[in-house]
Amino acid sequence: MLVSGLILVHKDTEGQKKIPAIWKETFIEIVDALKDGDYQLSRDIPNVSTLSEKVAMAIKGNVESYGMPLVSLPEETWNTSVCQWMVGYWDVLVDLFTEEGESDLVLFVRVRELSDHYSFAVLSVHVP
């Protein structure tokens, strides 16, 4: 277990946990890229995989069909966003916001622990 600020990076298969502080800036950068229309995450975000065109188009379609553009993550995102240790990686759900406030959309990311950093693979943006 790595210690990060006030929230520990837990490996607990029994329940969901809050998002560790060490990951928050990465999620902020991912959402900022998406809100700016960079659906393939082609900008240089450290330790974040670029998305295939197929996944990027699916995310773009889900965001556009929602009908409201995404905004940068407000602080209240962290009150309801969660991660779950899946033995080998964490599945993470980050609640997304639009101009009208909290939306039904979530960012679904798989996080892996490597020897000296975490890697982030965006899997989708969808309404659960």
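Can you give me the convex hull volume of the Cα atoms of the chain, divided per residue and expressed in Å³? With only Cα atoms used, the chain gives 103 Å³ per residue. Per residue, the range 54-128 exposes 50 Å² of solvent-accessible protein surface, assessed with a 1.4 angstrom probe and all protein chains in place. Axis angle, to the nearest 10 degrees, between helix 21-35 and the longest C-alpha principal axis of the chain: 10 degrees.
Please compute the length gained on full extension between Ser49 and Asp104, using 0.36 nm multiplied by the number of residues separating them and subtracting their Cα-Cα distance. Show your work: numbers first, answer last.
On the way: separation 55, 0.36 × 55 = 19.80 nm, distance 2.44 nm.
Going from the current span to full extension adds 17.4 nm.
In whole percent, how big is the carbon plus sulfur part of the accessible area of the range 47-101, probe 1.4 Å, protein atoms only?
The nonpolar share, carbon plus sulfur, comes to 51 percent.
Bridgeable lysines around Lys18 (alpha carbons under 24 Å apart, same-chain partners fewer than 8 residues away excluded): Lys35.
Using a 10 angstrom cutoff on alpha carbons, build the Gaussian network for the chain and name the most mobile of Ser42, Ser72, Ser115. Evaluated over the chain, the most mobile residue of the options is Ser115.
Based on the alpha-carbon gyration tensor of the range 89-128 and its eigenvalue square roots a ≥ b ≥ c, which shape applies: rounded if a/c is under 1.5, prolate if not and a/b is larger than b/c, or oblate? Before the final figure, lay out each step's value.
Numbers: a/c = 3.89, a/b = 2.58, b/c = 1.51.
Since a/c reaches 1.5 and a/b is larger than b/c, the shape of the range 89-128 is classed as prolate.
The values are calculated or read from the model by the stated rules, or taken from the named source; none is laboratory data. These figures come from a predicted structure and were not determined experimentally. Protein only, heavy atoms only, side chains kept; ligands, DNA and RNA dropped before computing areas. Shrake-Rupley method; radii C 1.70, N 1.55, O 1.52, S 1.80 Å.
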